[in-house]
Every structure is written in structure tokens, then in C-alpha cells.
Amino acid sequence: MAADSDPETEVFEITDFTTASEWERFVSRIEEVLNDWKLIGNSSDRLPIEKGEYTRSTWEEKSQEINFADFKFYITHYVLVQDQQTEDVKDNVEEDAFPVAMQDLLCMNNDFPPRAHCLVRWYGLREFVVVSPGANCEAIISESKCNLLHSSVSIALANSGCQVPLFVQVQQKWRKMFAGECQGPGVRTDFEMVHLKKAPSQYNHLSGLLDIFKSKIGCCLSPLPPVNIAIRFTYVLQDWQQYSWPQQPPDFDTLLGSEVGGVEFGKLPFGACEEPISELHLATTWPNLTEGIVVDNEVYSDLDPLQAPHWSVRVRTAENPQCLLGDLLTEFLRLCSRKESTEEVLGRRLGEDEGKENADISSALSRLTEPAAAVPISKLSVSNMVHSARKHIRRHKRNDESPLSADVLNSVLLYLFPDAAVEKSPDSKNKTANTNSSGKSEQEKQSDHNIFLQLKSAPSDSLTYRLALCVCLINYSHGGLRAVAHLWQEFVLELRYRWENNYLVYGLTGGPPDLRCCLLHQKLQMLNCCIERKRARDETRKAQDGNKDRERKVSGSTNNSGSHECPTLTPAASSTTKEVSPGKSWDSWSDSEDEFFECLSDQGEAEAPQPEGEKEVNKSKAEGRLHPYNNMTLLHSAEPLYVPVTQEPAPMTEDLLEEQSEVLAKLGTSAEGTHLRARMQSACLLSDMESFKAANPGCVLEDFVRWYSPRDYVEEEEVDEKGNTVVKGSLSPRMKIPGNMWVEAWETARVVPARRQRRLFDDTKEAEKVLHFLAVQKPADLTRHLLPCIIHAAILKLKDEEVVEDIPTVRKSIQQATSQASKLFSPFNQDHKKLEDFISQLISMEIAITRARSLKAKFAVSEGEKAEDAAELENFVSSLLEEPEVVVLGAGQGPAGSIIHRLFVSAQRAALLSPLDEDFGNDRKQTGGSNKVPDFPPPAGREILLRTCVPRPAPYSKALPQRLFCVLMKEEFRLAGAFSLDTAFF
Amino acid sequence: MEEDILTTLKILIIGESGVGKSSLLLRFTDDTFDPEQAATIGVDFKVKTISVDGNKAKLAIWDTAGQERFRTLTPSYYRGAQGVILVYDVTRRETFTKLDNWLNELETYCTRNDLVKMLVGNKIDKENHEMDRAEGLKFARKHSMLFIEASAKTRDGVQCAFEELVEKIIQTPGLWQSESHGRGVQLTDEDAGNGSCGGYCSLV
Ligand SMILES: Nc1nc2c(ncn2[C@@H]2O[C@H](COP(=O)(O)OP(=O)(O)OP(=O)(O)O)[C@@H](O)[C@H]2O)c(=O)[nH]1
Ligand SMILES: [Mg+2]
């Protein structure tokens, strides 16, 4: 056939003359597929379709590629998965019953399904097969090609005995043009379609369409059996009028007005800036009319939507409404990819032009630290903080405007460091903020806590968390990258100020860095540890100063002799230990600084209570006693065994820890490596031994072990020469090993109380390291550090907002997102794309919540309405959110129906009568007539479904289902007809 | 050689002082028993490559000191561990009763909640048992742990303990995949819906 004229297939035919033509191959391919899919044979043994089943049940779809020469087609099978199997009705099947598709044509249980393939909508089919051009193939447009395709399927059906309707898609895809056929024993249905842009005026109403239907059937019976009619008009509401979107984007400027007390920096903005529900579609349906009952023609129509027996509604949502939280997150994530350093952003280079003074880094450093001198230590308030910050900025950027205004900066700093606002005694600053989460249930707290763990963020009342919120907001609405850089610089400056002035950083849990938190949080905690230690030292020194005169004589001598070096692996020293060779002596692992745990001169132990009546000698010798230990006495004297005051081990952040374990691991797994490792970690042991010796003059290693490692002091009952049982104690075998490290350390240990030992933890050095670390973080680094906190905050925000609206689907997706979140920040594969995806998930939840909010506002119960109405409306709104189409109970007369009616009326008035000057609510009925403004706009779409069962083609043929589905829209006119005919008695 | 190593697993050994943690580790890595084993100071570290069900895994094993005083130091090493071996001494009941503290510590400092735990009752070669097997089993069941009794001295159960642990870790892909392989979890469902008309077809 067409193959002869097709140049491409000619080539093929030259290579293989023996095979059938391309067309024949194509037809047999179709047959093969139908066979493979087991679509052959009688199809009439199916259960009748229940009402609404097309929507309730699932549809299955399978697809395969088939070729016509080298033109690619897809053949696709669509079928409704029916709840019940067909077995029980098998007996009643008649051999020559109509194919099930023909029965479906007349079934009225699933007209206008809310969600279905268009062929289902037009023809009511539960099962069909479509042959359509492949994805990148051109459409079948020419008439000859269409015919060829059509006849292919026709022959395939006839050859295979398949009773499932088979369609071909022709014309451009968007036109949804299908032609098809269904064959049964002695019967056939042709599916035909007309598609125009405009409805011809004579067919623009029911009566015209009935005429087409009848003429198409061409039935010569008289009287003609009645035609069953189902009609659906769809009205679109776009203009919400007084129900305009209630949420205004927050005005960030007024939020920061200086008169207003608290800045809302702690709160993430939320919600859509534009109406998230763009349209409401009202479908008014007359499901079952008979010809003659209604009139609908060129001049008159009975079809008043308000009187339609059945209403249903669907909402169309705005595609990407601008949402505040989502925007905020997106902008924040964008910061991550900025490359600039803080200095580049803030224009340090301007400062460099000034020349000389910047050449010397140390002078720059001293300028950084200048606030310490400028501000009296006793007063710490935001104003002087800002003041000093200002000075600093001015120095570097002369003419350049600060990215953040003084007001904003002031508010942010006040939010971050609320303790600065109130003048507190230094002691009370010690307490950490514990502000929120009082009203929450245990369970909620637990789940919030899990978020924190999974994300590795920071506690929601911590400084880190608050910083994250600020950086996010500053970035979003106060100047982006530059403002963030500015804030960060100020933040670091404030921390330095606190370090230099011994003010603890507010809003951090005390103790060593919490390794479950993000690194930035750990660093801040580390700084606090340093400040705490430094404060403790300074305070003792102050107390010391008071006594100085009295004690002066002793101090000179001990200060130098107390300088003792010990092997150590404090984080500070870890870099130097890397190069250490195993052969070195104990002393070689120390640095040379003479720093002491507490820089004190000698002094009687104030904090250790001394038992009364002790011997004068011991009292003067013993130093650094904490308390007696379990009523034990020393082995070689009657003195009580004292627990000494000891040095706290060095706190560690995870990066330091990583570094240290790397160093330790590098020592290898040999016995020597093990030994060296132990030695490197023995600083603490040695220090404890020295403290112990100082507190317990005359002690031996056994005494130390009894306190320090009681299981290594074995007590056994023995019988002495006299037959008495005595308890004899000795060191465990492993402690007795000659030259083991414990013995070795004990022998090396001098008699030095903790406060005169070299510091195990060099707080000064560590604090400077932290401050340096912070200072060199680029804005993008900062963003990455804070990302877990922001995601954490966003999830909490979504949770809070969801609770208000109570939307189960959103609740579920929040839970899912939370559990996936832990994978986001795996240090091994931080994937930007994944983060983006995650954030868009959060955004979609925000949108869902905003939609709920918008619908609730629109369908709010007005005063005076009954309680049951309120409940019904609530149900209605939540169904609208979850289902594609929702039935309006009571149609135009129900509570939801009357609200919808009102919405349409006011939109109509706004559109047609401007301005609206009377209250329509009072006398709607009367004015409705006089104003001549219809309550509803013209329908955006009309669907008219005509069905009957008549003999074709001859009066004596079998009566067979006939159906015409008409779609009338502004820009589309479609007739989808299915006309059956008797092929046996033709 | 290095190429076919599946992954590096971080294993942690914890428990009271003197229960035989270092001895178990030495038995496992060097197949020796050293009665002269000194009490551990801080943490110690050993590496061993083993093959379980044809999968090679490199184990980085951190042996911690059980000594009270080192406790402030050692939890830092819990971070990122995929498996942990909790050891008690079957001849000293108090080393068993202290296990609750160790579990608490794990919970507080461990960064992952899905790590595999193995309980080992050590020193079964000795005679004066204060603990019977059933008690250990019960505790392990209660806390969803693996359980085995062992002796570092006679090598009973030692190899088996480590192998079981590794096998279990390998069966828990979330524990190791995220590190060496990038097989992350799909966050979004693939958008369904194609074809000429899609699934969702409304009039307007
Ligand atoms: N009989 C017997 N003795 C054992 C066994 N395992 C360890 N020991 C002994 O128990 C003592 C303590 O063993 P270690 O391995 O040092 O104990 P640990 O748990 O590492 O102790 P710390 O390092 O202090 O935490 C040593 O003297 C070992 O010889 C065992 O299976 N049987
Ligand atoms: Mg040990």
C-alpha cells in the first residue's frame, strides 16, 4: 500500500523481498501484542461498573513500542482494576453477548469522572488500547496515513478476535483526536470524533446537538426511542473579591522600627504572598434528563445552575505561589555557593589603600581587640557594643555605607545577645537561656528533639540556632550577602569582646562541646569553655591579690620550680606530636610555655576543709586536697587518703578530635605504637598523679591505684603464721609489670598540686584558635554551617503551622521529610541537588498549608449559622484539599453551595457593575431581577452526553448502544461519537 | 589488595576496667594472649581486615580505657562508630551491672542510633563465675544486642564475636553505604503521568 510510495521503505524492500510488506508486519505486530496481553476473546463476562468506581479504583496502564517501518508507535493498554473478579458471573455469559465496551457506552454510573483518561470521559470505557506515535515522532496528519492506520487496527481486531476497543491517535497530540473501533460477534462500534475551534452556532445548544445525534444514528424507527441526556456545566471563579487573599507580606521595615520593642528575628516568616488558590471550578450537573423535559436552544434555556440537582467543585491551585518560608530557604541555600570572603564583600581593600597601618598584622589585631580597652568592663550593653562595632567598621570602610543600618544591627545583636540589654552581675550570666518549649507535651518535645539529632543542628534555644535565623532573615530582607558578611563580622567581634572581658557567651549549654551539634555550635561552646576557665583563673587571682601581702614571702620560690613539663596531647599540641619519633623521652612532648593551670602563688588550701586536730607537719605539706576518700587511710601512714583537686581534661570539638584520632591512628598498630599512644595520652594521668602526691604526702602507687583504679588493687585474705586471717592487698598483676607505664609515670610524677601544674588545656590558645576559625569563615561557609539549623527551624515552623490547620497529608510528609533529613548532611556527600530537592519538598508543604488557609477563609462559617453547617463546611474544605473533585452536599441550597453562590454573585457584580454600592445580601432576590446581572457567568465549559439504544443500520437490525459526547468551550468544540451497528444482518 | 576492600568500619570496645577489652582485641588481631597487658591509658587503636561472606572489610578498632577517670576523654571516640562491643567479666558481677551506665553513655555520645551492639561476657575460662549465660542473653535481648561468651585467654568465641558483628553491620546498609558509596535515598517520588492524556484530565 503506502509502502510503495514511501522512499524509506523501498530501501528496506530491496534488501528483503521475501518478507511481507511493512504494513502487514505492522498489523501482525499489533495482533501479537494483543495476544501477549491476553486481550483476545469474549469480554462480556465483566461485572457491571459500580457508581464512582472509575474514580475510586485504580487504572492500570502498560505500554510497548511497535514500529511501522522505522516509524515508532506506542501501543498502550488501559484498564480499570475492578475490585471483584469475574468468576461468579461466568455462567450467565451468553456466547454472542455484546463486548463489555458496548455496555459501558450506556452505563450511567460514571459520567463525568473527576480524574480519568479523556477516552474514559468521552466514551465511558473501562478498558481500551491506544496506538499513538512515539514521543519524538511527528503526528499522523495526512488523511491517507490516518486511514491506513485506522484500517490497520480494524484488520488486527478482526484477525485476532479482540473485543477491546482499539484506538489510533491522529493529528497533533494536543488535539486529543482519536479514531477507533470495537468488534464483537456480529456487532461493531465505530468511534469517531470532530474537533473544531468554535462551535457552529446551530450546534451551540442541546437541541442542535440532539439533531446531530439523531441524524448520525440515522434510525428510521418511529417513534424514535427516547434519548437519555446528561449535562454538566462548569463555571469558573477567578475573582475572589472581598475574600481576597488575607495574608499580606510582612513589612520588614516596620518590624524593625526602633520604637517597637522586640524584633521578630526569632520567627521565620511563613505563608504565600499571593492567592494560592487561583480558581474555583463549579460543575453543575443534570445527570439524568430525558428529551423534551428540558429546553435549551438558541433563545432560551431551562438550565439554571442554581437549580441543578448535583454540584461539585474542584479548585485549581496557583502553580508556584511566592511563599515566604520557601523564598527564605531558597535564598539562603543560594548563599552557599557564593565564593567571596567576608573581607572581599565588605571591601577591606578600601582600608588597604590607606597604606601603612595595615601592613602590620599585629596592629590590625590590636585594633580588633580595641573594644576591650574602650568599653568599661562593668557595663556591657548593646549600645556600647554597637558603638564599638561601628568604630571598627568605620575604620575599614571610610566612605562606604554599612550594609546593615545601625538600627537593624542593634536589634539583631540584642536578639542574639539578650543578656547585654540587662546589666547583670557577671555571675548571673552563667545561666543559659532556657526560654521556650514550656507548653509542649513530652511526645512533641521528643519528636522535636529527634529532629535536632537527625539534622545535627543545635538546640532551638541556642545562640547558634538564633544566629541561623538572623543570618537567614538578614540575607532575605536586609541586604543579602553584604549584610550577612557584616553581621558575621560583628558577631565575631562581639565574641572576641566577650572573650577578652570574661563574659560568657549567652545561650549555650555549659560543659564540653556537644558532639551531636553542628561544628559551629561546638566551636562556640569551646569558646565558652575557654572563657569559663579564664574567668576561674582570674577570679582566683583576684582573691589572691587580696592576700598577696601576707603570702608574698612564699610565692617567689615555688613559681619556677612548679614549672613542669609533661608529655601531652592537648589539641593544641597535636600538630607538633605528629613529627615525634618514638624514641624521645618523656619531656620532649611539651611546649616550652610556662603556663599554669591556675597562676597562683602558694597559698593554704581554702576550699579543702581540713579535719580538726591534724598534725601541724602534714597540714603544711599537703596541697590541693578536695575531700577524704571513703574513710581510707594511706598504706604507710595513718593519714586519710585524699582525693586531690585535679585538672579538667581538655574539651574537644569534633574537628580537633578527628585530628587527634588521626594522629593516634598514624602511630600504627604495633606494640610500640600502642605504647607511644598511651604515653601521648598520659598527660592527664601524670597530672592526676602529681596532684595526688601533693594532696597525700607520703603516699605510694598502691594508694593512688586504690583511688584511681580500685580493681587493680587486689585484696586477699591470708592466714599469717599465728593462724589469724588478715587481708593483704597488692597491685594487680598488670600493674606490677616492671616498667609499665603506670609505674613509670608514678616515678616521674613530682609533688605538684593541680593549680601549679602546666595547664592541660591552654584556654588562651584555644580561644584564639576558635576566634580565628570564626573570622576566616566566608559567608558561604557560615551558611553551610547554619544550614542544619535553618532546616530544623523550617521543619518546626511547618509543624507549628500544620497543627493549626490540621492537614493529615502535610503532617505525614513532614514526618517523612524529617526522617530523610538525616541523610542530607552526611559529611561524606553533601549534595547540593539533594538539598534543593529537600527544600522544594518543604516549599510544597508550605504551599499546601497556605491553600488550606485560603480555603478556610473563603468557606468560613459566618455568624448565625448552625453548628452542623460549620462541621459540614470543615469537611468540605478538607476534602477540597485532598480530593480532585468534591460533591457539594445539597447542591446550590447547602451551606457550601450558598457560599459558592455568594462568591459568584459578588464576582459578577464586580465585573459587570462598578462600583458596587448596595449591600447585595439584604435584597438579593429583588435586585437580582432589576439589575439584570446574572448570578453566574456564562459557563466556561458545557458537556452534553447523549445516549440511546437503537437498531442500526436497518430497522430490523439489533438495537445497539449509541453515544455522543459533546464538549462546548470557548476555544473548543468536540463531538466524540460512538455508533454501533449490526454487522450480521446487514 | 586494597581495591576489593568493601569499606572501613569503625568499631568500639567499651566496658569496665579490667574486664579484658584489650586482651580480646589482642586475641582478635594478633591471636595472642599477653598476661602482661597493661591497663589502657586513653584509647588504643588496632586495624584488621577480615572477610565475612566474601565481603572484605577493614576494621578500625578503638579500644578504650575502662578507668573511671578516663571516661571524660573516651566518649569523644564514640563518634561515627558503626559497631560497638560491650564487654563484662563473667567472674565479676559488678562489671555486668555497670553495663547500664555504658549504654547510657553510648546513647548520649553516639552520633548514630542504628549502630550494631554486641555484648561479650569475657573470661569464661575462669572458674569462679558470678554470672550465668542466661543473664547475659536476657540483657542482650532487652537491648537488641548480639551476645556471645568468650575468653581472650583460650580464644573461645573471640573471632566469632567480631565476625558476627561485622556481618550484622554489613547487613545494615545504612550504616556503611552513606560513607563510601553515594547511594543516597531518593527524596522525591519520580513524577508519574505521561502518555497522550496523562492521568488527570478535566474539562477546563
Ligand atoms: N583468665 C582470663 N584472664 C583474662 C581474660 N581476658 C583478660 N584477662 C586478664 O584480665 C586483666 C585485664 O585485662 P585487660 O585486657 O587489660 O582489661 P581491659 O578491659 O582492657 O582494662 P582497661 O584497659 O583498664 O579498661 C589482665 O590481667 C588480663 O590478663 C580471659 O579471657 N581470661
Ligand atoms: Mg585495656
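The values are calculated or read from the model by the stated rules, or taken from the named source; none is laboratory data. Since this is a predicted model, take the numbers as computed values, not measurements. Note: ideal-geometry Cβ built from the backbone for every residue, glycine included; neighbour counts use all protein chains shown.
Within the range B:63-73, being within 16 Å of ligand 2 (Cβ to nearest atom) and either assigned to a strand (DSSP E or B) or without any contact (Cβ under 8 Å) to a residue 12 or more places away in the chain (or both) holds for B:63, B:64, B:69. Within the range A:668-687, not a single residue is of a type in the set (A, V, I, L, M), under 43 Å from the mean Cα position of the chain (by Cα) and at the interface with another protein chain (Cβ under 7 Å from one of its Cβ atoms). Flag: residue A:66 matches the condition of being surrounded by fewer than 19 Cβ atoms within 10 Å (Cβ to Cβ), at pLDDT 90 or above and either within 12 Å of another protein chain (Cβ to nearest Cβ) or part of a strand (DSSP E or B) (or both).
Here is a yes/no grid of residues against (1) part of a strand (DSSP E or B); (2) at pLDDT below 90; (3) touching a Lys or Arg at 6+ places or on another chain (Cβ under 6 Å); (4) at positive phi:
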site: A:114; (1), (2), (3), (4): no, yes, no, no
site: A:119; (1), (2), (3), (4): no, no, no, no
site: A:130; (1), (2), (3), (4): yes, no, no, no
site: A:137; (1), (2), (3), (4): no, yes, yes, no
site: A:144; (1), (2), (3), (4): no, yes, no, no
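Quick one: count up the residues across the range B:1-15 that are more than 7 Å from ligand 1 (Cβ to nearest atom) and at pLDDT 85 or above. Here the count works out to 6. The single condition among (1) out of contact with any Ser or Thr (no Cβ under 7 Å at 6 or more places or on another chain); (2) crowded, with 22+ Cβ neighbours inside 10 Å that residue A:100 does not satisfy is (1).
Of the residues in the range A:115-146, how many are surrounded by fewer than 20 Cβ atoms within 10 Å (Cβ to Cβ) and within 12 Å of chain B (Cβ to nearest Cβ)? The total comes to 5. Selection of the range A:634-647 for residues being touching a helix residue (DSSP H, G or I) at 6+ places or on another chain (Cβ under 9 Å) and not in a loop (DSSP other than H, G, I, E, B) yields A:641, A:642, A:643, A:644.
The condition of being assigned to a loop (DSSP other than H, G, I, E, B), away from ligand 1 (no atom under 14 Å from the Cβ) and within 14 Å of another protein chain (Cβ to nearest Cβ) holds for only one of B:81, B:39, B:60, that being B:81. The helices (runs of 4 or more DSSP H) falling completely within the range A:667-744 that include 2 or more residues that are among the acidic types (Asp, Glu), in contact with a Pro (Cβ under 9 Å, 6 or more places away or on another chain) and surrounded by 21 or more Cβ atoms within 10 Å (Cβ to Cβ) map to A:683-695. Residues in the range A:648-666 that are assigned to a helix (DSSP H, G or I) and facing chain B (nearest Cβ under 10 Å): A:654, A:656, A:657, A:658, A:660, A:661, A:664, A:665, A:666.
With respect to the conditions (1) modelled with pLDDT of 90 or more; (2) within 15 Å of ligand 2 (Cβ to nearest atom), residue B:48 falls short on a single one, namely (2).
For the range A:287-325, the set of residues classified as buried (at least 20 other Cβ atoms within 10 Å of the Cβ) and aromatic (Phe, Trp, Tyr) consists of A:311 only. Against the test of being within 12 Å of ligand 1 (Cβ to nearest atom) and more than 19 Å from the chain's Cα centre (by Cα), the options B:34, B:89 yield a single qualifying residue, B:34. If the condition is being within 16 Å of residue A:762 (Cβ to Cβ) and part of a loop (DSSP other than H, G, I, E, B), then the range A:514-535 contributes no residue at all.
Kindly indicate whether residue B:120 is closer than 30 Å to residue B:34 by Cα, modelled with pLDDT of 90 or more and in contact with a Lys or Arg (Cβ under 7 Å, 6 or more places away or on another chain). No, not satisfied.
With respect to (1) more than 10 Å from ligand 2 (Cβ to nearest atom); (2) modelled with pLDDT of 90 or more; (3) more than 9 Å from chain A (Cβ to nearest Cβ); (4) touching a strand residue (DSSP E or B) at 6+ places or on another chain (Cβ under 9 Å), the lone exception for residue B:21 is condition (1). Being modelled with pLDDT of 90 or more and polar (S, T, N, Q) is a description that applies to residue A:687.
Sort out which residues of the range B:26-37 are more than 8 Å from ligand 2 (Cβ to nearest atom) and without any contact (Cβ under 8 Å) to a residue 60 or more places away in the chain, and write them in order of number.
B:29, B:30, B:32, B:34, B:35, B:36
The residue that is surrounded by the most Cβ atoms within 10 Å (Cβ to Cβ), counting only those in the range A:173-192 that are in contact with an Asp or Glu (Cβ under 9 Å, 6 or more places away or on another chain) and free of Cβ contacts under 8 Å to residues at least 40 places away in the same chain, is A:181. Considering only residues in the range B:121-160 that are within 16 Å of ligand 2 (Cβ to nearest atom) and not in a loop (DSSP other than H, G, I, E, B), the one that is surrounded by the most Cβ atoms within 10 Å (Cβ to Cβ) turns out to be B:122.
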